[in-house]
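Peer 1: Take a look at this one; I'll ask things after.
Values in this text are rule-based calculations from the coordinates and carry no lab data. Quick caveat, the model's predicted, so the values are computed rather than measured. So basically every Cβ, Gly included, is an ideal-geometry build from the backbone, and we count neighbours across all protein chains shown.
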C-alpha cells in the first residue's frame with residue numbers, strides 16, 4: 001500500500017505569500033518601460049515558487065521515495081528512494097536555529113535528509129518506526145507549525161497593505 005505525504009499547507013503558503021509580499025509591488029512601481037519585463041519575471045518567479053513547494057514523500061511496504069518537482073530538480077534538489085531494509089539508523093544534527101534535522105543512514109553509509117515538513121507527520125513517523133524498527137522518539141517537525149502560520153499571516157497583511165496603498 002502506497003501512502004503519499006505532501007508538503008504542509010502552511011509551509012507552502014508561508015513561502016508563496018512571502019514571495020508575493022516581497023515582489024508584488026515591483027511591477028506596480030516599475031517605470032513604464034520596465035513594467036512588462038518586471039511583470040514577466042514576477043510571474044516566472046511565482047510559478048517557480050509554487051512548483052518548488054510541491055515536493056512529496058511516498059511510502060510503500062518496500063521503500064520510501066522523496067519526489068521533488070521539475071524545477072527543483074533543475075535547480076539541483078534531487079529526488080531519492082531508499083529501501084526500508086537499507087536504513088540502519090537515524091542521525092540527528094542541530095540547526096543554527098536550535099532545532100534538529102534528521103538523516104536516514106543506510107547500510108552503504110549514505111545519508112538522506114528526513115522530510116520534516118509533511119502533512120500527517122505523526123502517521124509518517126509511525127511508518128518509519130514500523131518499517132525500520134528504529135527509535136523515532138524526538139523526531140518532529142523541523143520548526144513549530146505556528147512559525148509558518150505567523151509568517152503566512154504577516155505576509156498576507158503585508159500584501160493587503162500594499163494593495164490598499166496602491167489603490168488609495
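Peer 1: Are any residues in the range 36-63 in contact (Cβ under 8 Å) with a residue 40 or more places away in the chain and crowded, with 18+ Cβ neighbours inside 10 Å, and if so, which ones?
Peer 2: 53, 55, 57, 59
Peer 1: Here is a further query. Answer yes or no as to whether residue 16 is in contact (Cβ under 8 Å) with a residue 24 or more places away in the chain and touching a helix residue (DSSP H, G or I) at 6+ places or on another chain (Cβ under 7 Å).
Peer 2: yes
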